[in-house]
Amino acid sequence: MNPNNPLKQYFRQPAIYIKLPSQGNNYPAGSLTMPPTGELPVYAMTAIDEITYRTPDALYNGQATVNVIQSCIPDIKDGWGIPSADIDTLLVAIRIASYGHDMDFNSQCPACNHESERTLDLRTVLDSIKAPDYTKNLAWGDMEIYFKPLSYKNLNDNNQMQFENQKLLQILPDSAVPDSEKMTALSAALRKITDITVSSLAQSIAAVKTPQALVSEAGFIDEFLKNCDRELFNQIRDRIIELKVQSEMQPLKLACTECNHEYEQSITLDMASFFESAS
Ligand SMILES: [Zn+2]
């Protein structure tokens with residue numbers, strides 16, 4: 001931005017200020033400039049940001065999300081480094097800054113199929129998002145295991161690889177490939193999915209402390225997960241799932257206006273559906 005531009009006063013101004021659930025912890029060095037107040041200014045999307053979303057390729061590889069977050073929340077210098085627990089907060093804040101805090105959505109009662117239009121106040125969503133407690137370690141014999149959140153880069157890479165392998169598993173049975181080759185390809189895809197799962201668990205481990213060493217190298221941790229006791233593996237996996245659930249948005253509790261049936265509906269913030277409905 002050119003500080004001498006006489007039109008500067010007409011540029012967009014911060015619409016809201018937000019606190020990060022992570023409080024800025026677990027950001028790689030240089031990826032976040034935390035203001036002294038601890039509150040980050042959030043700007044509305046520009047026309048260019050809106051166009052960025054409508055590029056399906058950019059959405060799929062996560063680049064659109066990164067670009068728009070960096071544009072609307074300039075204190076975030078590298079969107080790929082954002083810890084996963086902060087992503088929802090940032091997206092909700094950008095939506096509030098751009099389109100206001102009310103979000104309309106349709107809901108269908110699972111009991112009587114009655115459809116109704118609802119409005120969600122996104123400020124209550126912001127207030128309800130909590131950061132998981134990563135300070136609690138897992139003790140196992142003489143070993144201690146420390147956890148950390150996935151970065152947006154980890155999250156996006158894993159989702160993309162899972163998606164590609166699952167697509168392969170779906171199309172392969174009907175393809176013209178000879179059966180013997182199908183089996184090889186299927187088992188390769190299944191093995192790949194297992195590998196991705198293990199490596200995303202490894203990426204969630206900050207360090208393993210033994211009486212002899214403090215290990216934080218991703219490669220060593222990955223190998224350890226592939227070779228450790230099944231019971232220990234399951235405990236690590238369950239703890240990581242528990243941490244993930246803590247940061248997820250709670251489903252909305254709704255009551256049908258027609259038959260009073262009470263039910264829950266989850267809201268998703270994936271870029272395509274979350275922002276498309278606003279325009
Ligand atoms: Zn109903």
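Quick look at the values:
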read-out	value
Candidate set: segment 118-140, residues that are in a loop (DSSP other than H, G, I, E, B) and of a type in the set (Ser, Thr, Tyr); chosen: the one farthest from the ligand (Cβ to nearest atom)	135
Segment 169-226, subset modelled with pLDDT under 90, hydroxyl-bearing (Ser, Thr, Tyr) and in contact with a Lys or Arg (Cβ under 9 Å, 6 or more places away or on another chain), residue nearest to residue 151 (Cα to Cα)	197
Test: residue in segment 110-117 that is surrounded by fewer than 16 Cβ atoms within 10 Å (Cβ to Cβ), at negative phi and more than 16 Å from the ligand (Cβ to nearest atom)	no
Boolean, residue 157 is surrounded by 12 or more Cβ atoms within 10 Å (Cβ to Cβ), among the acidic types (Asp, Glu) and away from the ligand (no atom under 16 Å from the Cβ)	yes
Among the residues listed as 225, 254, 243, 232, the single one being within 16 Å of the ligand (Cβ to nearest atom) and surrounded by 13 or more Cβ atoms within 10 Å (Cβ to Cβ)	254
Selection from segment 178-198 of residues that are within 16 Å of residue 235 (Cα to Cα) and of a type in the set (Ser, Thr, Tyr)	197
Filter result (more than 19 Å from the chain's Cα centre (by Cα) and aromatic (Phe, Trp, Tyr)) within segment 49-104	99
Pairs, first closer than 19 Å to residue 260 by Cβ and charged (D, E, K, R) in segment 108-122, second near the ligand (Cβ under 8 Å from one of its atoms) and assigned to a loop (DSSP other than H, G, I, E, B), C-beta under 8 Å, six or more apart	115/109
Any hit, segment 144-161, residues being among the acidic types (Asp, Glu), more than 27 Å from residue 66 (Cα to Cα) and in contact (Cβ under 8 Å) with a residue 12 or more places away in the chain	yes
Checklist (1) modelled with pLDDT of 95 or more; (2) surrounded by fewer than 15 Cβ atoms within 10 Å (Cβ to Cβ); (3) under 29 Å from residue 81 (Cβ atoms) applied to residue 166, failing item	(1)
Strands (runs of 3 or more DSSP E) lying entirely in segment 181-277 (those with 1 or more residues that are within 30 Å of residue 52 (Cα to Cα))	252-255, 262-265
Conditions (1) within 24 Å of residue 206 (Cβ to Cβ); (2) loosely packed, with under 13 Cβ neighbours inside 10 Å; (3) in contact (Cβ under 8 Å) with a residue 12 or more places away in the chain; number of the one not met by residue 29	(3)
Count of segment 1-31 residues which are under 17 Å from residue 125 (Cα atoms) and of a type in the set (Ser, Thr, Tyr)	2
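The values are calculated or read from the model by the stated rules, or taken from the named source; none is laboratory data. All values reported here derive from a predicted model rather than from experimental measurement. Note that we place each Cβ from the backbone using ideal geometry, even for glycine, and neighbour counts take in every protein chain shown.
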